[in-house]
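Here's the structure we're looking at; comments come further down.
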Amino acid sequence: MIPKSVSAEIERLRREIREHDRRYYISDKPSVSDAEYDALMRRLRDLEASHPESVTPDSPTQRVGGAPFADFKPVDHASAMLSLENAVSEDEFRDWAARVAKGLGPAEKPEFVIEPKIDGLSCALTYEKGGLVRGATRGDGSTGEDVTANVRTIRSIPLVLEGVSTGRLEVRGEVFINHADFDLVNEAEERAGREGFVNPRNCAAGSLRQKDPGTTAVRRLRFFAHSVGLWEGAPRPDSHEECLEAFLRMGIPLPPLRRKVSSVEEILAFYAEFRDRHLPRLAFAVDGLVVKVNSLQHQRRLGATAKCPRWAVAFKYPASQAKTKVEDVIFSVGRTGAVTPVAKLKPVWCAGVTISSVSLHNFDEVARLGLKVGDEVVIERAGEVIPKLVAVVPESRTGGEKSVSPPKSCPSCGAKVSKEEEAVAYRCQNPSCPAQIKRSLLHFASRDGLDIEGFGEAVVDQLVDSGRVKSIADIFSLNKEDLLGLELFADKKADNLLSRIEASKSRPLSKLVFGLGIRHVGERTAETLACLHSLPGLARASAAELAKVPEVGPVVAASIASFFGSAEVARLVERLMKAGLNFEKMGAPKTDGLAFSAKTFVFTGELSSMTRDEAEGRIKELGGKASGSVSSKTSFVVAGAEAGSKLAKARKLGVQVLTESEFLALVEQSSKGKT
C-alpha cells in the first residue's frame, strides 16, 4: 500500500507539472525556471521509483518509455486528412474567396479564421476518455503510421486532456521544431560526424519517425493543433473558432497570432501585416497563412474535392528575396576533389535568417550568372531551404568588380586543378589533399559508412591538422594518447571513441565499400557489389566484369576499376586488411519463402510517410528488390506525390501501380506472413 501522504504528493506533483506545461506551451507565460521544473520532475521520479505501483501511463515521467521498435504500423484516420489548395498571389486568393461566396450564395456573409501555416509534419492525435491513445502521421491522407511512442515524448502534447473524461477526439496539427532548437540538433549531428538536417521541417519529420523514442525526446519537438478529425461523446462546437477555444481549455497548444475577420480586405491587410511585422520575429518556420471559413455548417455546405476542402486555402508567401553584395568568392574542396565556388556575402537578413555565404555549385553556374566579385546580387530563400543566388544586378556595377575564374591550384594543398573532359567539376588531382582527406574521413565514419559515432568534424580537423591522420587507414592506428592530445578529450571520451572504432571493424562489407567513397557508388550499389565479391575480389574485377552487374553499368564500372587500379588504394586496402576490417563477401540475402521473393519495386514521386531508403529497406526485409528503372519485369511501381515519367512508363507497360497507402498495406499484410 502507498501511504496516503505519498499518494497525495504524487498527485500534487503531477498536477503542478501539468500546470507548468500548460503555462509554458499554452499561455507562453512560464512561472518557474527550468531548474525548478526539473526539480519537480526529479522528485516525482524518485517517489514513483520508490512506489512503482503508483506509476500510471499518463504520468509526466512516462513521456519516454518502451524499447526501440523496428517498424511503424499503418493506421487508418477517422476521416481523410486532405491537402490544402494553395494561393500564391492576391489574384489567386481573391479567386478562392469568390468561389466560397458563390458556393454559399449571396445571402450568406461568411466569417474567416486566419492562422499561421506552420511548416512542420502533419500529425493526428487520438484521445479516448481524455487520455492520449495514439499519434499518427498523415501518410497518404487515408492511412498514416503509428508513432504513438514518439508523440508521447513531445512535452507540448498533453497526455491527459483537461476537463475531458468521456468520448473520443482526434486532434490534428503540425509537429515542428523551433529555429534555435534546430541549430542545436544540427550541431549535435555534426559533432557525431553525421550530416545535419537541411531545414527544420526535414528535422521534425526525421525526428518524429525515429525508431528509438529516446532520440525523439532529445530533439525538443513541439506541436500546434489546427483542426478536428473526430469529435464524439460531446456536442461539437458550431464554428472553427469555438473548436480552437475548446482545445485551449483542454490544454492543447495552438499557434499564436490567430485572427477572426469578416471580409477579404481584412484578410489581405492581415497578410501584409503578418509578413512585415510578425514573420521575421517568429521562432519557428512559417510559409504562409491558412484561411478557413469559420462556420462548420458553411464548411459542410462547401464540401471538398477529392484532395482539398473548398472552405480552406493556404495563402502562401512568395519566396523571400534580398539584395546584398558579393565580397569574395572562395573555393571549397570536397571528398572527391571537386572544387566548389562559394560566394561570401555581406550579411543580409532573408526569410528569418542571416545569410553570409551561398554555394555557387560549379563554374558553369558562375558563367551563367555572369557573376563578379563586388557585384550586387539577389539572394532567394523559400520554404526554409538552403539559400541560392538567383541573379546579378549588373546596373549596379562601378567598374571595380573582379571576374571569377577556376583556380589553377588547389586552395588546400596547392596541387594542380583540372577539368575532366565533358565534366562540369574542376578537381584537385592530389589524393593526399588535406581537404579531401577530411571529407573522406567524415564520409567513411558516417552513419551509412562504418558508423563511428563521435568521429565528427571537430575531431577530424584536429587529427588531420596535427598530422596524426593522413588516410582512412590511420583511424585504426589511433591510440589513447593521440586522442588525449586533442581538445575536449578526457579518458572516458577517448575510451568510448576507441571502442567505437574497434566495433566498426566488424561492419558488413557493404558499409566498407560505401565508406571508401568510390565515385558513383551509393548504398544500393555498394550492397550489390558486396553480395557478389569479397573486397580483394572486387579490387581484382575488371571494368568489363563489373559492367555486367545489374544496376552498375559502364560508367560506374569504369569508376570502380579506376579506383582500385590506383597504387595508393592498393596500399590502403592492404592496411585495412591488417587492421582486421571485414572483407568477407556478404552473399545474396536468402529470400526463399519471403513474401516479396523475386519481386521488383520501383519508386517514383515523393513519399510522405517515409524516406525512399526506408521504403526500399522494407522491401529487402521481405525478400524483394528495389530498382531505379521500370521494365516489363518490374512487379510494382509505387507512385508518390508528383510522380514522373516512371509512372507513365509503368502504365504503358501494364505494370501494376500502387499508391503509398496500398504499398503500406501490402507491406503490413506481407509482414504477417500473408501473400
As computed over the chain, the Cα convex hull volume per residue (Å³): 211 Å³
Overall form of the stretch 320-396 per C-alpha gyration tensor (a/c, 1.5; a/b vs b/c): oblate
Relative contact order of the chain, defined on C-alpha pairs under 8 angstrom at six or more residues apart (%): 10 percent
In nm, spacing of pseudo-spin labels at Arg43 and Glu584 (7 Å Cα→C-beta vector): 5.7 nm
Anisotropy class of the stretch 85-316 from Cα gyration tensor, a/c 1.5 cut: oblate
R0 of 60 Å, Cβ-Cβ distance Glu568-Ser165: FRET efficiency to nearest 0.05: 0.25
Sites Asn86 and Glu395 - FRET efficiency at Förster radius 51 Å, r taken between beta-carbons, to 0.05: 0.90
Residue-by-residue Karplus 3J(HN,Hα) for the stretch 232-239, coefficients 6.51, -1.76, 1.60, Hz, glycine and proline x: 10, x, 7, x, 7, x, 8, 9
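Which chymotrypsin sites (Phe, Trp or Tyr not before Pro) in the stretch 42-132 pass both tests, a DSSP loop state and at most 16 other beta-carbon atoms within 10 Å?
Hits after loop and neighbour filter: Phe69.
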Which of Phe636, Leu658, Ile518, positive extreme of dipole for the chain (C-beta unit charges): Phe636
Nonlocal amide H pairs with Ser142, under 5 Å, H built at 1.01 Å: Met81
5 angstrom amide H check on Gly624, placed H, neighbours 5+ away: Phe596
Reciprocal of mean inverse Cα separation for the stretch 600-671 (Kirkwood radius, Å): 12.0 Å
Spatially proximal lysines relative to Lys408 (Cα-Cα < 22 Å; intrachain offsets below 8 disregarded): Lys344, Lys372, Lys416, Lys419, Lys438
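Suppose every Lys and Arg Cβ carries +1 and every Asp and Glu Cβ carries -1, with no other charges. What dipole size does the stretch 149-257 come out with about its Cα centre, to the nearest 20 debye? Walk me through the numbers before you get to the answer.
On the way: 14 positive and 15 negative charges, 75 e Å.
Roughly 360 debye, rounded to the nearest 20.
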Straight-distance crosslink candidates among lysines, where the alpha carbon sits under 23 Å from Lys585 and sequence neighbours closer than 8 are dropped: Lys505, Lys511, Lys548, Lys620, Lys625
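Would you please give the FRET efficiency between Asn496 and Glu232, computed as 1/(1 + (r/R0)^6) with r the Cβ-Cβ distance and R0 = 45 Å, to the nearest 0.05?
0.30
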In degrees, nearest ten, helix 660-671 long axis to first principal axis of the chain (Cα): 80 degrees
Shape of the stretch 485-632, Cα gyration tensor, a/c cut at 1.5: oblate
Per DSSP, loop GluC sites (Glu not before Pro) in the stretch 602-675 with at most 13 further Cβ within 10 Å: Glu642
Loop trypsin sites (Lys or Arg not before Pro), the stretch 422-458, which have at most 16 other Cβ atoms in a 10 Å radius of their Cβ (DSSP): Arg447
Extension reserve of the Thr354-Lys419 stretch, reckoned as 0.36 nm per residue once the Cα distance is removed: 20.0 nm
Residue among Phe270, Ser79, His51 farthest towards the positive dipole end of the chain, charges placed on Cβ: Ser79
0 to 90° range, to nearest 10: angle between helix 612-621 axis and the chain longest Cα axis: 80 degrees
Charge dipole (debye, nearest 20) of the chain; +1 at Cβ of Lys and Arg, -1 at Cβ of Asp and Glu: 1000 debye
Folded to 0 to 90 degrees: helix 179-191 orientation relative to the chain principal axis, Cα: 30 degrees
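If I take every Cα pair under 8 Å that is 6 or more residues apart in the stretch 596-675, average their sequence separation and divide by the length, what percent do I get for the relative contact order?
Value for the stretch 596-675: 33 percent.
As a test of the formula, what do you get for the chain when each DSSP H run with n ≥ 4 contributes -39,500 (n - 2.57) and the sum is divided by the residue count, at 222 nm and rounded to the nearest 500 deg cm²/dmol?
Working: 24 runs with 243 residues, N = 675.
Mean residue ellipticity at 222 nm (helix-derived): -10500 deg cm²/dmol.
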Lys, Arg +1 and Asp, Glu -1 on Cβ, resulting dipole of the stretch 434-504 about Cα centre, debye, nearest 20: 120 debye
Linear extension gain, Cys531 paired with Glu242, 0.36 nm per residue minus alpha-carbon span: 98.0 nm
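Taking the stretch 4-62, how much of its Cα-Cα pair set, in percent, is spaced more than 18 angstrom apart?
Numbers: 550 of 1711 pairs.
More than 18 Å apart: 32 percent of the Cα pairs in the stretch 4-62.
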Lysine pairs in the stretch 85-316 with Cα atoms under 27 Å, if 8 or more residues apart or on separate chains: 20
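Values in this text are rule-based calculations from the coordinates and carry no lab data. Quick caveat, the model's predicted, so the values are computed rather than measured. In this analysis, Cβ positions are derived from the backbone assuming ideal geometry, glycine residues included, and neighbour counts consider all displayed protein chains.
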